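The values are calculated or read from the model by the stated rules, or taken from the named source; none is laboratory data. Keep in mind the model is a prediction, meaning the values are calculated, not measured. Counting neighbours? That spans all protein chains shown, and the Cβs are built from the backbone with ideal geometry, glycine included.
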Amino acid sequence: MSLYIDLLITGNDLTLDPSSQPLLIDDRASIAQDIAHMIRESGLLVSLVAERDRFQQADCIQQMELLVEADERLVPGTARIINQGSGQYLVTAKTVAFGSVEVVL
């Protein structure tokens, strides 16, 4: 049985199956989706992409890492945000019960 169940969101909309019922995700995928939504809703990602000063970028990344670390489903100290270039960032962390999780923003 799953500990965490959520509706699958794709492109800021519910993802539906062929019978127009919402698709569900669970556990690790649910945590990853929650992390992506948490960062997006915080507004820090927009600030990070818009920022040109490397010190301010590092500050935004640190703020996002602290935000992610506040999730009680994650192991403290494991959240990392890595710049992949072209405005994409990779968020990695370890969950308490489901291993590693990665999110590309």
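State yes or no: is GLY11 surrounded by fewer than 12 Cβ atoms within 10 Å (Cβ to Cβ) and in contact (Cβ under 8 Å) with a residue 12 or more places away in the chain?
no
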TODO: Kindly list the number of the only condition in (1) at pLDDT 95 or above; (2) buried (at least 18 other Cβ atoms within 10 Å of the Cβ) that fails for ARG80.
DONE: (2)
Task: Single unsatisfied condition, GLU65 versus (1) touching a Cys at 6+ places or on another chain (Cβ under 6 Å); (2) under 12 Å from ILE35 (Cα atoms) - done: (1)
Task: Identity of the residue in region 31-56, of a type in the set (S, T, N, Q) and within 19 Å of LEU90 (Cβ to Cβ), that ends up surrounded by the most Cβ atoms within 10 Å (Cβ to Cβ) - done: GLN33
- [ ] Would you please name the residue that is nearest to ILE9 (Cα to Cα), looking only at residues in region 57-66 that are buried (at least 17 other Cβ atoms within 10 Å of the Cβ) and of a type in the set (A, V, I, L, M)?
- [x] MET64
Open item on the list: If a residue counts only when it is acidic (Asp, Glu) and closer than 21 Å to LEU7 by Cβ, which helices (runs of 4 or more DSSP H) contained entirely in region 22-101 have at least 3 such residues?
Closed with: 27-42
